[in-house]
Amino acid sequence: MAQQGSPNPHKAEVVSLWQHQAKRDVSALSEMRGYWESLRCGRLVPLRSEIDPREIAGALEYGFIIERLQPGAIRFRLAGMHLNDLMGMEVNGMPLRSFISPESRTRFSAMLERVFTQPEIHEYILSSDDMNVTPLRARLLILPLKSDAGQINRAIGCLVSEGVVGISPRRFKVLETRVTSLLNGEQTREIASDTYTQAPSPRVAAFAEAQEGFTSEPRPALRLVVSDDADS
């Protein structure tokens with residue numbers, strides 16, 4: 001019989017497994033970023049042909065390569081099993097924006113173009129909070145690559161989630177975007193306005209919908225943009 005006040009061994013095991021998963025997810029992002037930087041070797045962007053999957057074995061489950069076929073058409077060329085699990089299907093050939101919820105998709109697609117045209121490193125904090133599935137948080141890293149023809153039209157990256165995948169497909173809202181310019185090292189951070197807790201709208205009666213005043217002008221989504229020093 002366990003002594004009173006002694007730690008629950010099953011609880012300790014669960015915590016240990018969770019910490020192991022979290023560390024593994026973070027290390028996948030770090031491994032991918034470190035490998036990309038090692039290939040870059042002071043150049044603006046490394047070549048796609050230089051990628052050796054054996055060098056990033058710990059990140060392959062979460063990793064992917066995307067190709068920009070034309071403006072607005074950015075699709076998976078290769079993707080790890082974790083991405084297939086999140087979508088509940090094979091994602092090769094699908095647009096990257098398929099993982100993004102409709103309310104964030106337009107802004108995300110516009111930002112994604114800059115990975116290739118500027119070029120930039122992008123990091124996203126994502127959230128999947130549909131009421132019918134378990135909440136899920138994720139982090140997305142995108143690093144540009146150059147083709148042998150000299151065009152920056154490919155990228156390598158990682159998508160790692162924190163929590164139980166649950167019912168798929170999982171689509172995510174963009175909570176935060178971090179951008180690093182490869183031209184001047186400038187770093188910016190953009191936080192979606194709906195990340196902040198808002199008071200519920202008053203209801204007229206039970207089961208009634210929230211009442212809003214009529215306006216003929218569309219309401220733009222408010223966003224907070226923060227600029228950070230390049231060496232911070």
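The values are calculated or read from the model by the stated rules, or taken from the named source; none is laboratory data. This is a predicted model, so every value here is computed, not measured. Counting neighbours? That spans all protein chains shown, and the Cβs are built from the backbone with ideal geometry, glycine included.
Of note:
- Residues (closer than 22 Å to Arg105 by Cα, modelled with pLDDT under 85 and among the small types (Gly, Ala, Ser)) located in segment 180-200: Ser193
- Close Cβ contacts (under 7 Å, 6 or more residues apart or on different chains) running from residues in segment 107-129 that are more than 20 Å from Arg171 (Cβ to Cβ) to residues that are among the β-branched types (Val, Ile, Thr) and not in a strand (DSSP E or B) comprise Phe116/Ile152; Pro119/Val45; Pro119/Ile152.
- Of the residues Ile152, Ile156, the single one that is surrounded by 22 or more Cβ atoms within 10 Å (Cβ to Cβ), in contact with a strand residue (DSSP E or B) (Cβ under 9 Å, 6 or more places away or on another chain) and either of a type in the set (D, E, K, R) or more than 18 Å from Ile191 (Cα to Cα) (or both) is Ile156.
- Unmet requirement for Tyr62, which otherwise passes all of (1) at pLDDT below 95; (2) within 15 Å of the chain's Cα centre (by Cα): (1)
- Where a residue in segment 91-106 is closer than 21 Å to Asp129 by Cβ and its partner, wherever it lies, is part of a helix (DSSP H, G or I) and of a type in the set (A, V, I, L, M), with Cβ under 9 Å and at least six apart: Leu96/Leu112; Arg97/Leu112; Ser98/Met87; Phe99/Leu83; Phe99/Leu86; Phe99/Met87
- Remark: pairs (first residue in segment 134-154, of a type in the set (Phe, Trp, Tyr); second residue surrounded by 19 or more Cβ atoms within 10 Å (Cβ to Cβ) and part of a strand (DSSP E or B); Cβ separation under 9 Å; 6+ apart in sequence or on different chains) are absent.
- Residue list for segment 80-120, filter: farther than 18 Å from Ile156 by Cβ and assigned to a loop (DSSP other than H, G, I, E, B): Gly88, Met89, Glu90, Ser101
- Residue satisfying condition, being in contact with a Lys or Arg (Cβ under 6 Å, 6 or more places away or on another chain) and either charged (D, E, K, R) or buried (at least 18 other Cβ atoms within 10 Å of the Cβ) (or both), within set Ser104, Ser109, Ser161: Ser104
- Scanning segment 114-136 for residues that are loosely packed, with under 14 Cβ neighbours inside 10 Å and modelled with pLDDT of 95 or more returns a single hit, Thr117.
- Criterion violated by Met81 - all others in (1) farther than 18 Å from Pro119 by Cα; (2) in contact with a Cys (Cβ under 9 Å, 6 or more places away or on another chain) satisfied: (2)
- Residue within segment 71-78 that is closer than 16 Å to Leu159 by Cβ, surrounded by fewer than 16 Cβ atoms within 10 Å (Cβ to Cβ) and modelled with pLDDT of 95 or more present: yes
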